[in-house]
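Report on the following structure.
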Amino acid sequence: MDIAFFGTKPYDKLWFEPLSKEYSCHIHFIEAKMNSDTVVLAEGSNAVCIFVNDYVTAEVAQRLSSMGIKLILLRCAGFNNVDLSATKELGITVLRVPSYSPAAVAEFSMAAILAVNRQLHRAYNRSRDFNMSINGLMGRDMNCKTAGVIGTGKIGQCMIDIFNGFHMKVLAYDVYPNENLDAVYVPLDELFEKSDFISLHCPLTKDTYHIINGNSIARMRPGVIISNTSRGSLIDSNALLDGLKEGKIGGVALDVYEEEEGIFYEDVSGKIIQDDVLSRLSTFPNVLITSHMGFFTREAMQAIAIETLENAFAYENGMKLINIVQ
Ligand code: NAI
């Protein structure tokens, strides 16, 4: 099988190339992201492989289909970047990697919450300059505080365990509660009202779009710290800006951002950033922005590479497709 890999970086090659022989496939690594201008690069391949900021719109799906490409391999868990009604209509199979290392993302969310709460990013910069003053760097104990976890799937469950390890009271919200977890399920508004720290772990759907908005922020505790390692559009960025400017929000860790495409994963340090909201967000001392890297551990990369190529192998050999997205 010839697979056109879109949006690839050196680390993709590092993990996928050694495995390609084992799975009898040839990988064509393409740096460009998948979109209507670049889809032409898939010509001659049997399948395409994409990541979180590669978009398969109805037009892209149509173009893939007309090239005879009937398989899209997502080397990630989320699939909000694929127009599934279009792929379904065109008979294109979409396979994903539903779970690779939930712990990687939950651990990252906690690392970011700790950094924001204890202002490690600021302390690091100060001490590099031998400014050893700790004025303005005071944080809060997490022990005995209340954490809110929205979305209690694979990553949310790890997050609950981590918060419990910090001896926190853990509140949870999910449309499908799992009563076996060491957390108390509450209505969403109650979670907003009672949580000192909120970590988002639900997928982006039409129901979760801007789940953090002006109304939810108004309900939150003053000084709340919010972490989003899920998808950018779970948060209304303008409402977040207002909450930060008012001093209502104590800190934010953003591993994802609603307009991240074209900026995240790229070195745009020499360019003029046109996104005024992102630019403003990056000016707050209590906002930590990272580039959608919650997943980025050796263990996760290895698991992603194996599962993606297992998916391709299963499709090629008419085996049962366990990771199909419908
Ligand atoms: P999962 O599918 O195991 O869990 C998602 C949970 O969200 C489920 O329990 C589901 O019932 C719940 N949910 C669905 N709709 C909801 C709603 N309206 N309100 C509340 N809960 C709702 O997914 P997993 O593996 O835990 O991943 C969660 C998200 O993390 C993914 O959708 C993806 O967007 C993001 N992610 C981010 C990564 C990063 O590098 N920053 C890496 C991997 C995933």
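Test Pro222 against the criterion of being within 12 Å of the ligand (Cβ to nearest atom), surrounded by fewer than 21 Cβ atoms within 10 Å (Cβ to Cβ) and without any contact (Cβ under 8 Å) to a residue 60 or more places away in the chain, and give yes or no. Break it down stepwise before answering.
On the way: within 12 Å of the ligand (Cβ to nearest atom): no; surrounded by fewer than 21 Cβ atoms within 10 Å (Cβ to Cβ): yes; without any contact (Cβ under 8 Å) to a residue 60 or more places away in the chain: yes.
No.
Looking at segment 204-219, which of the residues that are buried (at least 16 other Cβ atoms within 10 Å of the Cβ) and within 13 Å of the ligand (Cβ to nearest atom) is nearest to the chain's Cα centre (by Cα)?
Across segment 204-219, the extreme among qualifying residues is Leu204.
Restricting to segment 307-326, what's the tally of residues that are outside any helix (DSSP H, G or I), aliphatic (A, V, I, L, M) and open to solvent by less than 80 Å² (accessible area, probe 1.4 Å)? Walk me through it before giving the result.
Taking segment 307-326 first, the residues outside any helix (DSSP H, G or I) are 317-326.
From what's left, aliphatic (A, V, I, L, M): 319, 321-322, 324-325.
Subsequent filtering for residues that are open to solvent by less than 80 Å² (accessible area, probe 1.4 Å) retains 321, 324-325.
So the count comes out to 3.
Do we have Lys21 as at pLDDT below 95 and surrounded by fewer than 21 Cβ atoms within 10 Å (Cβ to Cβ) here?
Yes, satisfied.
Looking for something within 13 Å of the chain's Cα centre (by Cα) and within 16 Å of the ligand (Cβ to nearest atom) - is there at least one such residue anywhere in segment 236-252? Lay out the reasoning, then the answer.
Kept after step one, since they are within 13 Å of the chain's Cα centre (by Cα), are these residues of segment 236-252: none.
Among the residues of segment 236-252, not one is within 13 Å of the chain's Cα centre (by Cα) and within 16 Å of the ligand (Cβ to nearest atom), which makes the answer no.
Residue check, Ser227 against (1) crowded, with 21+ Cβ neighbours inside 10 Å; (2) within 10 Å of the ligand (Cβ to nearest atom); (3) within 21 Å of Asp161 (Cα to Cα), all met but one. Which one?
Failed condition: (2).
Check Glu179, Glu193, Glu266 and return the single one that is away from the ligand (no atom under 12 Å from the Cβ), open to solvent by 20 Å² or more (accessible area, probe 1.4 Å), without any contact (Cβ under 8 Å) to a residue 40 or more places away in the chain and outside any loop (DSSP other than H, G, I, E, B). Even if it seems obvious, please write down each step before you answer.
Working: Glu179 fails: outside any loop (DSSP other than H, G, I, E, B); Glu266 fails: outside any loop (DSSP other than H, G, I, E, B).
Being away from the ligand (no atom under 12 Å from the Cβ), open to solvent by 20 Å² or more (accessible area, probe 1.4 Å), without any contact (Cβ under 8 Å) to a residue 40 or more places away in the chain and outside any loop (DSSP other than H, G, I, E, B) holds for just one of Glu179, Glu193, Glu266, which is Glu193.
Out of curiosity, is Asn164 of a type outside the set (D, E, K, R), exposed (fewer than 15 other Cβ atoms within 10 Å of the Cβ) and free of Cβ contacts under 8 Å to residues at least 40 places away in the same chain?
It is false that Asn164 is of a type outside the set (D, E, K, R), exposed (fewer than 15 other Cβ atoms within 10 Å of the Cβ) and free of Cβ contacts under 8 Å to residues at least 40 places away in the same chain.
For segment 34-55, give me each residue that is more than 16 Å from the ligand (Cβ to nearest atom), crowded, with 20+ Cβ neighbours inside 10 Å and either closer than 18 Å to Asn81 by Cα or within 25 Å of the chain's Cα centre (by Cα) (or both).
First pass over segment 34-55, keeping only residues more than 16 Å from the ligand (Cβ to nearest atom): 34-49.
Next, from what is left, pick out any that are crowded, with 20+ Cβ neighbours inside 10 Å: 34, 39, 42, 45, 47-49.
Passing the criteria: Met34, Val39, Ala42, Ala47, Val48, Cys49.
Say we look at segment 269-306 and pick out the residues that are in contact with a strand residue (DSSP E or B) (Cβ under 9 Å, 6 or more places away or on another chain) and not in a loop (DSSP other than H, G, I, E, B); which of these is most open to solvent (accessible area, probe 1.4 Å)?
Ile289
The values are calculated or read from the model by the stated rules, or taken from the named source; none is laboratory data. Remember, it's a predicted structure, so these values are computed and weren't measured experimentally. Here the Cβ is made from the backbone with ideal geometry for all residues, glycine too, and neighbour counts use every protein chain on show. Side chains are part of the model used for accessible areas, which takes the heavy atoms of the whole protein and leaves out ligands, DNA and RNA. Shrake-Rupley method; radii C 1.70, N 1.55, O 1.52, S 1.80 Å.
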